[in-house]
Amino acid sequence: MTKITFYQNHIGQYTGFELKGHTGYMAAGSDIICAAISALTINTINSLERLANDNFTVDSDENHAYIRLFILGNHSKVADLLLRSLVMGLSDMKADESNQEYMDLIFEEV
C-alpha cells in the first residue's frame with residue numbers, strides 16, 4: 001500500500017507531502033495505480049519548480065518508493081493551487097473502490 005501524507009498549516013494551507021511504499025497492485029513496472037500516483041506527484045514537483053517562485057526541498061529514494069516535499073516559508077498562490085490539485089487528483093483516485101486497498105491518504109497539521 002502507498003501511504004500518502006499531506007501536511008497542512010494551522011490555516012489549512014498545504015505545506016508539503018510524503019509518499020511511502022508501493023501500492024502492491026501489480027509487479028513493479030506493470031502497476032498502473034503506482035504509475036498514476038507517480039505521474040501526479042512528479043508533475044506537481046516539476047510544476048512547482050517551473051511555474052512557482054517558491055523555495056522547497058525534495059527528498060526521494062526510488063529503491064524504497066519514497067518521496068517527500070516541503071515548501072519552505074510562506075508559499076505563493078501558484079504553489080497552493082498546485083498542491084491542492086495533487087490532493088484532488090489523489091483523492092479522486094482513492095475514491096474509486098478499486099483503488100482503495102492500494103493507497104492511504106492521511107492529512108496532518110504541522
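Quick one: in the range 66-75, which of the residues that are under 12 Å from the mean Cα position of the chain (by Cα) and open to solvent by less than 40 Å² (accessible area, probe 1.4 Å) is nearest to Thr44 (Cα to Cα)?
Leu69
Return only the number of the condition from (1) at pLDDT below 95; (2) farther than 18 Å from Asp31 by Cα; (3) of a type in the set (S, T, N, Q) that Asn63 does not satisfy.
Failed condition: (2).
Among Val78, Val58, which is surrounded by fewer than 16 Cβ atoms within 10 Å (Cβ to Cβ), part of a helix (DSSP H, G or I) and either out of contact with any Ser or Thr (no Cβ under 6 Å at 6 or more places or on another chain) or modelled with pLDDT under 95 (or both)?
Criteria check complete, one pass: Val78.
Can you list residue pairs whose Cβ atoms sit under 9 Å apart, with the first residue in the range 85-110 being more than 21 Å from Gln13 (Cβ to Cβ) and the second being open to solvent by 80 Å² or more (accessible area, probe 1.4 Å) and charged (D, E, K, R)? Count only pairs 6 or more apart in sequence or on different chains.
What qualifies is Met103/Lys3; Asp104/Lys3.
May I ask you to verify whether Ile42 is among the hydrophobic types (A, V, I, L, M, F, W, C), open to solvent by less than 60 Å² (accessible area, probe 1.4 Å) and modelled with pLDDT of 95 or more?
no
Quick check on my filter: what residues within the range 16-39 are surrounded by 14 or more Cβ atoms within 10 Å (Cβ to Cβ) and outside any loop (DSSP other than H, G, I, E, B)?
Answer for the range 16-39, where residues must be surrounded by 14 or more Cβ atoms within 10 Å (Cβ to Cβ) and outside any loop (DSSP other than H, G, I, E, B): Gly16, Phe17, Glu18, Leu19, Lys20, Ile33, Cys34, Ala35, Ala36, Ile37, Ser38.
The values are calculated or read from the model by the stated rules, or taken from the named source; none is laboratory data. Everything numeric in this text was worked out from a predicted model, so none of it was measured. When we count neighbours, we look across all protein chains shown, and the Cβ atoms used for this are built from the backbone with ideal geometry, even at glycine. Side chains are part of the model used for accessible areas, which takes the heavy atoms of the whole protein and leaves out ligands, DNA and RNA. Shrake-Rupley method; radii C 1.70, N 1.55, O 1.52, S 1.80 Å.
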